[in-house]
Every structure is written in C-alpha cells, then in structure tokens.
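Taking it in order: structure first as structure tokens, then the write-up.
The values are calculated or read from the model by the stated rules, or taken from the named source; none is laboratory data. On a predicted model such as this, the values are computed, not experimentally measured, just so you know. Cβ coordinates were reconstructed from backbone atoms using ideal geometry, including for glycine residues, and neighbour counts include every protein chain displayed.
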Amino acid sequence: MRTVRRTSSAALVAGLDGVTVRGVERRGKYLVLRFDEGARAMIHLRMSGQVLIAGRTDPRPAHTHVVMGLSDDAERGRGEEVRFVDPRTFGEVVAYREADAAVLVPELDRLGWDPLLEPEAMTPRRWRALLAGRRRQLKALLLDQHPVAGIGNIYSDEILHRARLRPGRRSDDLSAQQARRLLGTIGEVLAEAVAHGGSSLRDAQYVDVDGRQGGYQAFHRVVDKEGHWCGTCDRARIRRSVAAGRSSYWCPWCQR
DNA sequence: AAACAAACCTGTGCGC
DNA sequence: TGCGCACAGGTTTGTT
C-alpha cells in the first residue's frame, strides 16, 4: 500500500515484530519511535494522517493502513493497538534500523532548527544572519523545513500576523527589531498551539491519539477568516492570497 | 537562488 | 437531490 512505500510491508512487519518501545520523539513534523536493538519507525501524517490508539475490538476506521498491536499494559488498559489512518495516503510509515537512517530517512538529517525542542539554539544574532542570508518571502522561509522545522501553513500565517509582517515580505528586508519579534512569535505561537492540542479545521482531520480534536483554532487570528474584521486591530478585513503556492491569510492593517 | 507548477490521493463543500 | 469543480494541514522534483 502507498502508506508503506520505502520498504515492503513484510519488512515493516518483520522490523517491528516483538520490539519494545524505548522512546517516542517528534522532530519537526516527523514522529520517530525508538525501539530496543536499534529498531526505529518514522511516521509522517502529511495532509490527512492520524495516529490513533484504540482497543483491539473497536471497529477500525476506514483508511486504516498500518496497525501495531501493543502488549497488555497496566496503565493504559489491555488490548490496545496503534493505528495509522490516512484517507489521502500522503502520509508515511517507515520501519528501519538505526544504522540505516541516513539511507532510508535522509530527510531527518536535513531538518532545521526546532523551536520547541531547542528554543535557545537560535540566538537573535544567528536568526538575523539566517534571514539576511536569503532573499525569500517570509512565508516560504517559515514553511521550508530546512532552516526551521515544524511550521506548516496554519502556524506560518498565525506567526506572521502576530509578528506584524506580511507573508510576502522579503527575509533580508527586516529591521533588527522586526527580526527579533518574528523569532519571539515563532516560539510563542507554537507553544500555545501545542498547549491547546493543535488546530483542527473544518474537516476535523487533526486529532490526538485518543481521537480528540485540537482547540487552538478558537485562537486563530487570521487562518480561515477571509473577509472577517481583524479581531486585533478592528480596522481591516482579513485577506487571503497565495504566497509560496499556499493559501495565506493576513491583515492588511496589522501586517506590513 | 528562489519562485512556481505539478505530482502524489480522497473527501468535502460549494454553485448550479 | 445530485453533479462537477475547486480546494484542503505537506513534501519532493523539475522547470523557469
């Protein structure tokens, strides 16, 4: 099936059969499961993927592509399984050996600064150099996982609104103050979004492992609000345009 | 170097 | 009610 495309399904099953979970990590938008003996799994949800934990006897949702049975566990209860569900099949599950990571999941090595994992690693000075060293639209730069990892279309717009910068603004055209403000808002918006369980939009695709929707969409200032009066300045209506090939929402008054 | 389009898919919401 | 079309959270690849 398309969800398992870098290896055979048989290799995925063989690679994960009987292993013990040692850790679960997030790196940018990638999930990495660490098992004993160097076994690993990478999961990416892309547009419509979900990772759910449910009882083995609960009906499996449509588009369940990968199922990992769990041993009985006193804390969570008995008879549970991890399911990867993904209608659009853009998402991916890869099982690999730690030693083969560079070959099978090379993108993990190319991920940029992760604002939540290592907030202090990006100093204002480094950040200014990063911005000045390219001549890119801020929106495109935030969406690019190589300089900064973990920001998608929703949070790039929310970050730029809070930083009061337009999506099409050039990265090498910011004052020191604007650059500092942008750096600060990246961490703030991401941390708040995580605290509220992320953002679930109209189609409610984004849910946690228990199937619960996020709550941060209630705090969105611009995303999905084309034509609404801006709740921050109350002086302009939110506009929608295409930047970096993606739908972008912004306030013409707040953002310059 | 950076911008853009297309490709990978299915589901949903809208206008008619 | 139903049909066709536009569009959707991401990433890679190839072309201007």
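Residue-level check: of (1) surrounded by fewer than 17 Cβ atoms within 10 Å (Cβ to Cβ); (2) assigned by TED's automatic domain parsing to the domain that holds A:Val103, A:Arg2 misses just (2). A:Glu25 falls short on exactly one of the conditions (1) in the same structural domain as A:Ser156 (by TED's automatic domain parsing); (2) closer than 23 Å to A:Gly198 by Cα, and that condition is (1).
Mind checking whether some residue in the stretch A:13-33 is among the polar types (S, T, N, Q) and buried (at least 17 other Cβ atoms within 10 Å of the Cβ)? Show your work before the answer.
Kept after step one, since they are among the polar types (S, T, N, Q), are these residues of the stretch A:13-33: A:20.
This time we only want the ones that are buried (at least 17 other Cβ atoms within 10 Å of the Cβ), so: none.
Within the stretch A:13-33, none of the residues are among the polar types (S, T, N, Q) and buried (at least 17 other Cβ atoms within 10 Å of the Cβ).
Quick one: in the stretch A:71-128, of everything that is of a type in the set (Asp, Glu) and more than 28 Å from A:Ala54 (Cβ to Cβ), which residue is nearest to DNA strand B (Cβ to nearest atom)? If you could, list the steps in order and put the result at the bottom.
So the first thing to find is which residues in the stretch A:71-128 are of a type in the set (Asp, Glu), and the list is A:72-73, A:75, A:80-81, A:86, A:92, A:98, A:100, A:107, A:109, A:114, A:118, A:120.
Now narrow it down to the ones that are more than 28 Å from A:Ala54 (Cβ to Cβ): A:98, A:100, A:107, A:109, A:114, A:118, A:120.
Values: A:Glu98: 27, A:Asp100: 24, A:Glu107: 14, A:Asp109: 18, A:Asp114: 20, A:Glu118: 23, A:Glu120: 25 Å.
Filtering the stretch A:71-128 for residues that are of a type in the set (Asp, Glu) and more than 28 Å from A:Ala54 (Cβ to Cβ), the one nearest to DNA strand B (Cβ to nearest atom) comes out as A:Glu107.
Residues that are hydroxyl-bearing (Ser, Thr, Tyr) and either touching a Cys at 6+ places or on another chain (Cβ under 8 Å) or surrounded by 15 or more Cβ atoms within 10 Å (Cβ to Cβ) (or both) were ranked within the stretch A:34-70; the one that is farthest from A:Ser8 (Cα to Cα) is A:Ser48. None of A:Ala193, A:Ala218, A:Ala176 is more than 14 Å from DNA strand B (Cβ to nearest atom), buried (at least 19 other Cβ atoms within 10 Å of the Cβ) and of a type outside the set (Asp, Glu) except A:Ala193.
Please indicate, with yes or no, whether at least one residue in the stretch A:122-143 is assigned to a loop (DSSP other than H, G, I, E, B), under 18 Å from the mean Cα position of the chain (by Cα) and on the phi < 0 side of the Ramachandran plot.
Step one: filter the stretch A:122-143 for residues assigned to a loop (DSSP other than H, G, I, E, B), giving A:122-123, A:133-136.
Now narrow it down to the ones that are under 18 Å from the mean Cα position of the chain (by Cα): none.
No, there is no match, as no residue in the stretch A:122-143 is assigned to a loop (DSSP other than H, G, I, E, B), under 18 Å from the mean Cα position of the chain (by Cα) and on the phi < 0 side of the Ramachandran plot.
Count of the stretch A:120-169 residues, restricted to those that are crowded, with 20+ Cβ neighbours inside 10 Å and touching a Cys at 6+ places or on another chain (Cβ under 7 Å), is 1.
Can you find a residue that is touching an Asp or Glu at 6+ places or on another chain (Cβ under 8 Å), outside any loop (DSSP other than H, G, I, E, B), modelled with pLDDT of 95 or more and in the same structural domain as A:Arg221 (by TED's automatic domain parsing) anywhere in the stretch A:162-173? Let's see the steps before the verdict.
Going through the stretch A:162-173, the residues touching an Asp or Glu at 6+ places or on another chain (Cβ under 8 Å) turn out to be A:162, A:167.
With the extra rule that they be outside any loop (DSSP other than H, G, I, E, B), the set shrinks to A:162.
Now restrict to residues that are modelled with pLDDT of 95 or more: A:162.
Keeping just the survivors that are in the same structural domain as A:Arg221 (by TED's automatic domain parsing) gives A:162.
Scanning the stretch A:162-173 turns up at least one residue that is touching an Asp or Glu at 6+ places or on another chain (Cβ under 8 Å), outside any loop (DSSP other than H, G, I, E, B), modelled with pLDDT of 95 or more and in the same structural domain as A:Arg221 (by TED's automatic domain parsing).
Of the residues making up the stretch A:226-242, not one is surrounded by 17 or more Cβ atoms within 10 Å (Cβ to Cβ) and within 14 Å of DNA strand B (Cβ to nearest atom). Here is a check on your reading of the model: is A:Ala244 within 16 Å of DNA strand C (Cβ to nearest atom) and in contact with a Ser or Thr (Cβ under 9 Å, 6 or more places away or on another chain)? Answer is yes for this residue.
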